[in-house]
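Enquirer: Mind looking over this structure? Questions follow.
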Amino acid sequence: MTRRHELPVRPITEAEFEDWHRAMRVGFLQKPTLTEEQLQARRAEFVPGRLLGAFDGDRCVATFRSFAQEVTAVGGAYVPADAVSNVTVSPTHRRRGLLSRMMNQDLTAAKERGDVVATLIAAEYPIYGRYGFGAATTAAEWTVDVARTGLDRRWSGPEDGGRIDLVDAEDVRKLGPELHERLRRAQPGAVSRTELWWRINTGAARFGSSWTEPYYALYRSAAGEIEGLVSYESDDKWHGKQPQITADVNWLIAVTPAAERALWHYLCSIDWIAHVKTGLRAPDDLLPLLLPDPRAARLTMQADWLWVRVLDVVRALQARTYEGSGELVLEIVDAGGFAGGRYRLEASEQGASCAPSNQSADLTLDVADLAALWLGDESAVRLAALGRVREERAGAARSADALLRTSRRPWCPDLF
């Protein structure tokens, strides 16, 4: 057995991608091998320097990938991010500090590149807080009992003069990216999607072991403008001669409330559909209240989703907008050494400035808790009650909430 300190952690070469990929799949308890066609499709993810591996002899025993991303800050600004994914350590090599070494190497490179934050979707909650990541958005899923909604099952189209059309994958690859850009400009917490994302999610690039072609439905307003798009699948479940089929939504983009209403009503009007599973949605999604009986939408999952790690406090706080005016001096504790210090934030509806400060702090908090506050979802008052934020000035947590919280909750529609 190679001793712990001798295990090298380094960027992999393209020739090592197959071994790296096998180690990644083993770590996620997936079938270790893919077909040559699937492996070649995944080679599109290879970017020199962005895939790290730990090696015991010739065998890859830990994996880590990051890639360039943009995150939408409150107010619509795009912030450069280091998106972290494919993080595994083989079960034979746990508790050797391999993840810590890979994470530190990647975050150091991200800081040097000028990324403002790092992001990830955490498979397990306890892991990433120790690296300065904080849960910044929540995702929810509902299952709709169509018979209970109170909707007219004879519904034949939007009442607002718009229309819904079924389209194919080629249409989605052509029309989807611009529609998603409109969504993410308005949605704090949303992230950028690459051309490869659209290819994977329309079957043009086959990453998995199987592909089921979904249905795609497009909403156009009465003026003919494209405002919504949904991808969904269905099962084939019957009880005797009674259909109990579920429509399972892969993703739904709606840039107006009218589009959102029309697409959900469309899904609930399809013959034989008894249930609609919404897929991952914002925790304050309009869906339940778009139904005459909101109780027909049963909440089946709600959990942390996008995790954020702030690397540049000044740029992160200056990138977002604020609905009020005020000043805060924040003492940021960062064990990783990337973003710690004392900063003075001056904010108003016209913009914000942030700079290192020698003034007395109003609040002291860990960098992970700053991440939880940055997109406006978490409350400094709540964090203070939990002992995660310390008030150095009475009432400072309430002042922070008045500045930082948002009227609608942030949301990340993507898994990466």
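The values are calculated or read from the model by the stated rules, or taken from the named source; none is laboratory data. In this text, all values refer to a predicted model and were calculated from it rather than measured experimentally. Don't worry about glycine lacking a Cβ; one is built from the backbone with ideal geometry, like all the others, and counts go over all protein chains shown. Please note that ligands, DNA and RNA were not included when accessible areas were found on the heavy atoms of the full protein model with its side chains. Shrake-Rupley method; radii C 1.70, N 1.55, O 1.52, S 1.80 Å.
Enquirer: Show the residue pairs that are 6+ apart or on different chains and have beta-carbon atoms under 7 Å apart, the first residue being within segment 379-400 and in contact (Cβ under 8 Å) with a residue 12 or more places away in the chain and surrounded by 15 or more Cβ atoms within 10 Å (Cβ to Cβ), the second being of a type in the set (S, T, Y) and part of a helix (DSSP H, G or I).
Expert: The qualifying pairs do not exist here.
Enquirer: What pairs come up if the first residue lies in segment 43-57 and is within 21 Å of W197 (Cβ to Cβ), the second is among the aromatic types (F, W, Y), and their beta carbons are under 7 Å apart, counting only those six or more places apart or on different chains?
Expert: Pairs found: R43/F17; F46/F17; V47/F67; R50/F67; L51/W20.
Enquirer: Now, a different point. Strands (runs of 3 or more DSSP E) wholly in segment 267-332 with at least 1 residues that are of a type outside the set (F, W, Y) and open to solvent by 50 Å² or more (accessible area, probe 1.4 Å) - which ones?
Expert: The strands (runs of 3 or more DSSP E) meeting that bar are 273-277, 297-304.
Enquirer: Name the single residue that is nearest to Q302 (Cα to Cα) among those in segment 365-416 being basic (K, R) and under 20 Å from the mean Cα position of the chain (by Cα).
Expert: Of everything passing the filter in segment 365-416, R409 is nearest to Q302 (Cα to Cα).
Enquirer: Looking at this structure, is G341 more than 26 Å from the chain's Cα centre (by Cα), at pLDDT below 95 and open to solvent by less than 60 Å² (accessible area, probe 1.4 Å)?
Expert: Taking the combined requirement at face value, the residue does not satisfy it.
Enquirer: Would a scan of segment 140-147 turn up a residue that is of a type in the set (F, W, Y) and either modelled with pLDDT under 95 or over 30 Å from A296 (Cα atoms) (or both)?
Expert: No, because not a single residue in segment 140-147 is of a type in the set (F, W, Y) and either modelled with pLDDT under 95 or over 30 Å from A296 (Cα atoms) (or both).
Enquirer: Hey, among the residues in segment 159-203 that are in contact with a Ser or Thr (Cβ under 6 Å, 6 or more places away or on another chain) and either modelled with pLDDT under 95 or not in a loop (DSSP other than H, G, I, E, B) (or both), which one's surrounded by the fewest Cβ atoms within 10 Å (Cβ to Cβ)?
Expert: R173
Enquirer: What single numbered condition from (1) open to solvent by 30 Å² or more (accessible area, probe 1.4 Å); (2) out of contact with any strand residue (DSSP E or B) (no Cβ under 7 Å at 6 or more places or on another chain); (3) not in a helix (DSSP H, G or I) fails to hold for P410?
Expert: It is condition (1) that P410 fails.
Enquirer: Take segment 215-225 and flag every residue that is buried (at least 18 other Cβ atoms within 10 Å of the Cβ) and either within 24 Å of I273 (Cα to Cα) or in contact with a Lys or Arg (Cβ under 8 Å, 6 or more places away or on another chain) (or both).
Expert: Once the filter is applied, which keeps residues that are buried (at least 18 other Cβ atoms within 10 Å of the Cβ) and either within 24 Å of I273 (Cα to Cα) or in contact with a Lys or Arg (Cβ under 8 Å, 6 or more places away or on another chain) (or both), segment 215-225 yields Y216, A217, L218, Y219, R220.
Enquirer: Being out of contact with any helix residue (DSSP H, G or I) (no Cβ under 7 Å at 6 or more places or on another chain), in a strand (DSSP E or B) and of a type in the set (D, E) is the filter here, so list the residues in segment 121-155 that pass it.
Expert: The one that is out of contact with any helix residue (DSSP H, G or I) (no Cβ under 7 Å at 6 or more places or on another chain), in a strand (DSSP E or B) and of a type in the set (D, E): E141.
Enquirer: Next up: Among Y78, Y128, which is the only one that is touching a strand residue (DSSP E or B) at 6+ places or on another chain (Cβ under 6 Å), under 20 Å from W305 (Cβ atoms), surrounded by fewer than 21 Cβ atoms within 10 Å (Cβ to Cβ) and in contact (Cβ under 8 Å) with a residue 60 or more places away in the chain?
Expert: Matching residue, one of Y78, Y128: Y78.
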